[in-house]
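Shown next, in structure tokens, is the structure this report addresses.
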Amino acid sequence: MIHKIQLLVGIVLLSCSGLFSQTVLEDSFIYDGLTRTYRIYIPDLYNEAEAVPLVLNLHGYSSNSFEQLFYADFTGIADTANFIIVIPDGTLDESFEQYWNSFGLTNVDDIGFLSALIDTMQAAYNIDANCIYSTGMSNGGFMSYTLACSLSDRIAAIASVTGSMIFGQQSACNAQHPTPVMQIHGTLDGTVPYEGTFGIEPIDDVVAFWVEYNNCSPTPSLTDVPNTSTTDNCTAEHYVYTDGDNESSVELYKIIGGGHSWPGAPVNINTTNMDFNASKEIWRFFSQYKLDLLSEVEEENLQSDAGFVLYPNPGNDVFTLIFNDASKKSISIINSSGQLVQQFECAFSQTSIELPETGVYFISVNEGGHTHSEKVIRQ
């Protein structure tokens, strides 16, 4: 948790310094009966003729979009790299503190809200759908992992600063493509302990999960971050796991002696490491990855017993069928009640289908008198 008094003092100073010459907008829409608010930072370089990346920047528990805009500051980076930042607000819990429902303890649908927020951003701006990323502080880091597992058809890569995953989340994780992950965490974090605590996974276990999930090399390269700030009472180690599927990777910045804070932040709280800037490193990491390249199906995986590959599964809305050849075939979509939903013919090696309603379906492909079926789950 960020100490609000200290942070707000820093924010007041920053606000008076004329930090932003570009556009910061505040907006809202109603989702699932709740008014959801958010802020947008648009760099001066933005031109609606060019598709640009989108970075979701999620605040920590008890914080808000205004504080996160300044605390985890990506604005100067966006000004140079030309991407849009959206900083949404969570909802209020029983203590009237803003939070993200990454633990699944309430009925607030933050996954659906953030997906709708992406839709809203794409409707208003020219967003590159292959370059949408999520990062966050603490509770926002937890939520970024939730998006990696449950909204991977839209999120290319994530970064968590002082967040983690909850127990059971790894076994339930449904990331549909190799997912690049960066974790930044202090070994003396008193809020989300590095070694884990009740209901929260140890950081090394989280990193190991994504290394295995992405099929990265289990042996990382290790670099000591130069100790350029000798007064911050901590140092940093940088671990990089490479050679994952579709060139994915996992990175860990381990802050030796660091606390619950964002390295390089303008407000020094909870032993903040000042040897590197977390926001710069996160963007450097994100900028390597595109969703379509991470979602590519390897050629050797196309030889399935059914004669076709269907992905993502489970998924949302649109699904892709890839066949072993481009011969003529009949495709039928049947719902769980046995009703024919759609039927069409295809003579291509790849096609897409859209399932507008949630549920279980069966995709049946008839080719040369032989029929093969696969079950698909529309979330």
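The values are calculated or read from the model by the stated rules, or taken from the named source; none is laboratory data. All figures in this text were calculated on a predicted structure; none of them were measured in a lab. Because the Cβ atoms are built from the backbone with ideal geometry, glycine has one as well, and the counts that use them run over all protein chains shown. When the accessible area is computed, the model is the full protein with side chains, heavy atoms only, and any ligands, DNA or RNA have been set aside. Shrake-Rupley method; radii C 1.70, N 1.55, O 1.52, S 1.80 Å.
A few notes on this one:
- Residues that are aromatic (Phe, Trp, Tyr) and part of a strand (DSSP E or B), drawn from the range 311-363: 311, 319, 323, 344, 361, 362
Matching residues to (1) modelled with pLDDT of 95 or more; (2) open to solvent by less than 10 Å² (accessible area, probe 1.4 Å); (3) under 20 Å from the mean Cα position of the chain (by Cα):
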{"residue": "242", "(1), (2), (3)": "yes, no, yes"}
{"residue": "247", "(1), (2), (3)": "yes, no, yes"}
{"residue": "255", "(1), (2), (3)": "yes, yes, no"}
{"residue": "258", "(1), (2), (3)": "yes, yes, no"}
{"residue": "273", "(1), (2), (3)": "yes, yes, no"}
{"residue": "276", "(1), (2), (3)": "yes, no, no"}
{"residue": "285", "(1), (2), (3)": "yes, yes, yes"}
{"residue": "288", "(1), (2), (3)": "yes, no, yes"}
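- Residues located in the range 67-85, provided they are open to solvent by less than 20 Å² (accessible area, probe 1.4 Å) and either within 17 Å of the chain's Cα centre (by Cα) or among the hydroxyl-bearing types (Ser, Thr, Tyr) (or both): 68, 71, 72, 74, 75, 83, 84, 85
- With respect to the conditions (1) open to solvent by 20 Å² or more (accessible area, probe 1.4 Å); (2) touching a residue at least 60 places away in the same chain (Cβ under 8 Å), residue 204 lacks only one, and its number is (2).
- For residue 99, the conditions (1) surrounded by fewer than 19 Cβ atoms within 10 Å (Cβ to Cβ); (2) within 26 Å of residue 167 (Cα to Cα); (3) not hydrophobic (A, V, I, L, M, F, W, C) are fulfilled apart from (1).
- Listed by first and then second residue, the pairs linking a residue in the range 67-81 that is on the phi < 0 side of the Ramachandran plot to a residue that is of a type in the set (Ser, Thr, Tyr) and open to solvent by 30 Å² or more (accessible area, probe 1.4 Å), with Cβ atoms under 8 Å apart and 6 or more places separating them unless they lie on different chains, are 70/15; 81/287.
- First in the range 269-293 and closer than 24 Å to residue 67 by Cβ and among the β-branched types (Val, Ile, Thr), second anywhere and open to solvent by 10 Å² or more (accessible area, probe 1.4 Å) and in a helix (DSSP H, G or I), Cβ under 9 Å, 6 or more apart: 269/6; 269/10; 282/77
- Among the residues of the range 147-184, those that are among the β-branched types (Val, Ile, Thr), open to solvent by less than 10 Å² (accessible area, probe 1.4 Å) and outside any loop (DSSP other than H, G, I, E, B) comprise 158, 161, 181, 184.
- Of residues in the range 329-368 being within 27 Å of the chain's Cα centre (by Cα) and among the aliphatic types (A, V, I, L, M), the one modelled with the lowest pLDDT: 360
- Within the option set 146, 179, 162, being modelled with pLDDT of 95 or more and closer than 16 Å to residue 273 by Cβ holds for one residue only, 162.
- Single unsatisfied condition, residue 122 versus (1) open to solvent by 10 Å² or more (accessible area, probe 1.4 Å); (2) within 25 Å of residue 162 (Cβ to Cβ); (3) not in a loop (DSSP other than H, G, I, E, B): (2)
Yes/no per residue for (1) polar (S, T, N, Q); (2) closer than 23 Å to residue 290 by Cβ; (3) at pLDDT 95 or above; (4) open to solvent by less than 60 Å² (accessible area, probe 1.4 Å):
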{"site": "43", "(1), (2), (3), (4)": "no, yes, yes, yes"}
{"site": "54", "(1), (2), (3), (4)": "no, yes, yes, yes"}
{"site": "58", "(1), (2), (3), (4)": "no, yes, yes, yes"}
{"site": "65", "(1), (2), (3), (4)": "yes, no, yes, yes"}
{"site": "108", "(1), (2), (3), (4)": "no, no, yes, yes"}
{"site": "112", "(1), (2), (3), (4)": "no, no, yes, yes"}
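- Taking residues in the range 241-256 that are on the phi > 0 side of the Ramachandran plot, and partners anywhere that are among the polar types (S, T, N, Q), the pairs with Cβ atoms closer than 6 Å and at least 6 places apart or on different chains are 243/217.
- The residue of the range 260-271 that is nearest to residue 219 (Cα to Cα), among those that are open to solvent by 30 Å² or more (accessible area, probe 1.4 Å) and modelled with pLDDT under 95, is 270.
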